[in-house]
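Chemist: The structure that follows is given in the form of structure tokens.
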Amino acid sequence: RRGQARLVLGDYVRSGGRAINARFTLDSKALIANRNGDVRLWSIPEGAELYRGRTEPGVSSIVRTARDAFLFLTATPNRALAQTWPLPPGRPSLIGSFDRTGPLSATAEAVAYLWNNAIHVRSLRDFGARPKLIARTGKPPTSLALSPDATVVASADSTEEIKFWSAASNSSDSIAGREAPAAVVGLTYSGSGKSLVAVSFARGYPMYSVFDLTGPENLVPTLLAK
């Protein structure tokens, strides 16, 4: 907003295309990042490195859980590991691990994931509770998104169709649907849960379809294309 030059953080070296996953703290005074278990923390706007540590290697997701903690989900091809990472930096605490055979999506409260071609939801507050099977989808989803209140799971299977499933029931019938303009390769809810973004590729470029979930199902999404 102030027209200042960009702030360059960190010195991650090239790592075979592995993505860097990053999240701001709730007060935006620090940024935490993880790539394949290499964790860094920087102050904002000074850009000073505050911490460097290690966690389990794998594809990671970072979710803000509170003012003083983050949730780390590290996924390998067949399993996922959930940890809490405290701030100020300290040693991560293990929540638990679980088997998976496909995509996953987490909030501070729960995680949705694919296991044996079915969508399950598991509490992260009460990890010892039995995971809930909420949907048998037929064709296995390639993308999942759990709503911020952990009540709905959106899924896509590399086609244009997006389906929504109630996290409170076990059904082969979805509760709603949307149609994207191109095959969906990723799904993300907004922080309020009132919008859903579907990631697609058109002519080799990324395209984002923003769905207003408060409107009718036939409402045309807003397209953000490169």
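The values are calculated or read from the model by the stated rules, or taken from the named source; none is laboratory data. Treat the numbers as computed from the prediction; the structure is a model and nothing was measured. For neighbour counting, all protein chains shown are included, and Cβ atoms are generated from backbone atoms with ideal geometry for every residue, glycine included. Accessible surface is based on the protein model in full, side chains and every heavy atom, while ligands, DNA and RNA are left aside. Shrake-Rupley method; radii C 1.70, N 1.55, O 1.52, S 1.80 Å.
Chemist: At a 1.4 Å probe, what is the % contribution of carbon and sulfur to the accessible area of the chain?
Modeler: Numbers: 6240 of 12520 Å².
Ligands and nucleic acids excluded, carbon and sulfur give 50 percent.
Chemist: How many lysine pairs does the chain hold where the Cα atoms are under 27 Å apart and the two sit 8 or more places apart or on different chains? Show your work: numbers first, answer last.
Modeler: Working: K29/K194; K132/K163; K132/K194; K139/K163; K139/K194; K163/K194; K163/K226; K194/K226.
The result is 8.
Chemist: At 1.4 Å probe radius, can you tell me the per residue accessible area of segment 55-94 in Å²? Walk me through the numbers before you get to the answer.
Modeler: Details: 2050 Å² over 40 residues.
For segment 55-94, the per-residue accessible area is 51 Å².
Chemist: Find out how many positive minus negative residues lie around P77, taking Lys and Arg as positive, Asp and Glu as negative, among other residues whose Cβ is under 14 Å from that of P77.
Modeler: Working: positive: R79, R100; negative: E56, D99.
Net charge in that neighbourhood comes out at 0.
Chemist: Give me the distance between the Cα centres of segment 121-139 and segment 49-97, rounded to whole Å.
Modeler: 20 Å
Chemist: Let me ask another. Write down the accessible area per residue of segment 182-222 in Å², having rolled a 1.4 Å probe over the full set of protein chains. Don't skip to the end; give the middle numbers.
Modeler: On the way: 2310 Å² over 41 residues.
Per residue, segment 182-222 has 56 Å² of solvent-accessible surface.
Chemist: Rg (Å, one decimal) plus Dmax (Å, integer) for the alpha carbons of the chain?
Modeler: Calculated on Cα positions, Rg and Dmax stand at 18.2, 52 Å.
Chemist: Mind checking the dipole of the chain: about its Cα centre, +1 per Lys or Arg Cβ, -1 per Asp or Glu Cβ, Debye to the nearest 20?
Modeler: Values: 27 positive and 18 negative charges, 117 e Å.
About 560 debye.
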